[in-house]
Structure formats: structure tokens, C-alpha cells
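Since the structure comes first, as C-alpha cells, the remarks are kept for the end.
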Amino acid sequence: MRHPMREVWLSCALAAACSVGCSSEKIAAPAAPPPTAPVAAPAEPAAPAAQPEVVATVTPDEAGVVHVTGSDQMRFSAGRINVKAGETITIELKNAGTLPKEAMGHNLVVLKPGTDPMAFAMKAVSAKATDYMPADANDQVIAHTKLLGPGESDTIKIPAPAAGTYPFVCTFPGHAAIMKGVLVVE
Ligand SMILES: [Cu+2]
């Protein structure tokens with residue numbers, strides 16, 4: 001008794017489902033394929049690792065050389081250089097970036113203790129002819145590298161400066177607010 005009833009009910013249900021399905025298929029025409037996504041989406045370069053907010057400190061290596069790099073992200077690799085008093089200080093700056101020198105040049109200018117690096121950099125902006133080294137503020141400079149393009153490096157030596165805190169800065173226009181630090185001699 002159950003089987004015939006169930007079969008009837010099933011076939012009714014199937015027929016209804018089929019008719020609903022058929023009609024709904026007729027109404028809902030297959031959607032047009034979505035507009036093609038941008039074909040030549042250039043692969044985004046991997047985002048640079050977030051710069052830690054803590055000030056990176058660097059000290060001389062076994063050869064007595066302090067290595068600092070400048071990047072296309074407008075950063076020095078170190079915000080603090082620790083050295084011992086009474087020794088000749090050797091600092092090598094390398095421009096580790098790839099952007100043209102005219103757009104992202106870097107230098108490293110060590111200033112006398114107490115010098116305001118931002119004020120110095122403001123003077124430097126108008127000194128393009130001398131690679132952003134303002135002649136009228138030369139008396140505030142302890143030593144400075146050349147203005148470096150991508151891949152270039154330059155080394156400066158400071159013979160046994162007195163103990164103290166010496167500001168350093170990149171004087172390429174617009175860089176000083178971020179590209180600055182201190183050379184601590186103690
Ligand atoms: Cu710079």
C-alpha cells in the first residue's frame with residue numbers, strides 16, 4: 001500500500017520540481033560572463049617590510065667601518081651610530097636604492113653637536129649646485145659624503161672626535177625630516 005502511494009507522490013513532486021526548474025531556467029537566461037578583469041595587471045612588487053619604529057643602532061664592524069645605507073623608501077638603515085671616543089670613525093654610506101639620483105639621491109652629513117639638522121637642511125635645499133651642501137653653513141659640518149646615486153657609496157673618516165652627540169642628516173630636498181640620526185661618541 002505504501003509503495004504505490006509513495007511512488008505517486010514522488011512522481012508528482014519530481015514533475016513539479018522539473019517544471020519549476022525548467023520554467024525558472026527559461027526565465028533566468030544564463031548571465032553574461034562578467035567583463036574581463038584587467039588583463040595586464042602588473043604584479044605588485046612585494047610591499048617593503050614595515051620599518052620598525054625603534055631607532056636602529058649600528059656600531060663599527062671588525063674592520064672599524066660603520067655601514068649605513070639609504071633606501072628608495074627615503075630611510076637610513078640606522079638612526080643611531082655608536083662609536084668609542086678616541087678612535088678614528090669611518091662611516092660608509094651606500095645608496096642601496098635603484099631610483100635615479102635626481103629623484104632619490106642620498107648623502108650623510110655629520111654636523112657639530114647642537115646643530116639643528118632641520119635648519120641645516122633648509123639651507124641645503126637651495127644649494128643644488130654644490131650637491132645640497134650649503135657653503136654658508138660649512139662651519140657646522142664635521143664631515144659629509146658625496147651625494148650618491150643608486151648603487152654608489154662613499155666613505156668618510158672623522159679623526160677621533162670629542163665625546164658628544166653629533167646629528168647626521170641627508171640634505172637631499174625633503175629627506176631630512178626622516179633621514180636623520182645621531183652619531184654618539186662616548
Ligand atoms: Cu636622502
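The values are calculated or read from the model by the stated rules, or taken from the named source; none is laboratory data. Quick caveat: nothing in here was measured; it's all calculated off a predicted structure. Cβ placement follows ideal geometry from the backbone for every residue including glycine, while neighbour counts extend to all protein chains displayed.
Rundown of residues vs (1) surrounded by fewer than 17 Cβ atoms within 10 Å (Cβ to Cβ); (2) basic (Lys, Arg); (3) at pLDDT 95 or above, yes/no style:
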{"site": "128", "(1), (2), (3)": "yes, yes, yes"}
{"site": "139", "(1), (2), (3)": "yes, no, yes"}
{"site": "143", "(1), (2), (3)": "no, no, yes"}
{"site": "183", "(1), (2), (3)": "no, no, yes"}
Hits in the stretch 151-179 (condition: within 12 Å of the ligand (Cβ to nearest atom) and not aliphatic (A, V, I, L, M)): 168, 170, 171, 172, 173, 174, 175
Near pairs, Cβ below 7 angstrom, 6+ apart or cross-chain, from the stretch 100-112 (on the phi < 0 side of the Ramachandran plot) to any residue that is more than 10 Å from the ligand (Cβ to nearest atom) and part of a helix (DSSP H, G or I): 111/117; 111/120; 111/140; 112/140
Check on residue 133, within 11 Å of the ligand (Cβ to nearest atom) and buried (at least 17 other Cβ atoms within 10 Å of the Cβ): no
Lone qualifier among 80, 75 - being of a type in the set (Lys, Arg) and either within 12 Å of the ligand (Cβ to nearest atom) or at pLDDT below 95 (or both): 75
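Residues to consider are 87, 44; find the one that is surrounded by 10 or more Cβ atoms within 10 Å (Cβ to Cβ), modelled with pLDDT under 95 and either within 12 Å of the chain's Cα centre (by Cα) or among the acidic types (Asp, Glu) (or both).
On the way: 44 fails: surrounded by 10 or more Cβ atoms within 10 Å (Cβ to Cβ).
Exactly one of 87, 44 is surrounded by 10 or more Cβ atoms within 10 Å (Cβ to Cβ), modelled with pLDDT under 95 and either within 12 Å of the chain's Cα centre (by Cα) or among the acidic types (Asp, Glu) (or both), namely 87.
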Any hit, the stretch 85-95, residues being in contact with a Pro (Cβ under 6 Å, 6 or more places away or on another chain) and either more than 19 Å from residue 61 (Cβ to Cβ) or within 13 Å of the ligand (Cβ to nearest atom) (or both): yes
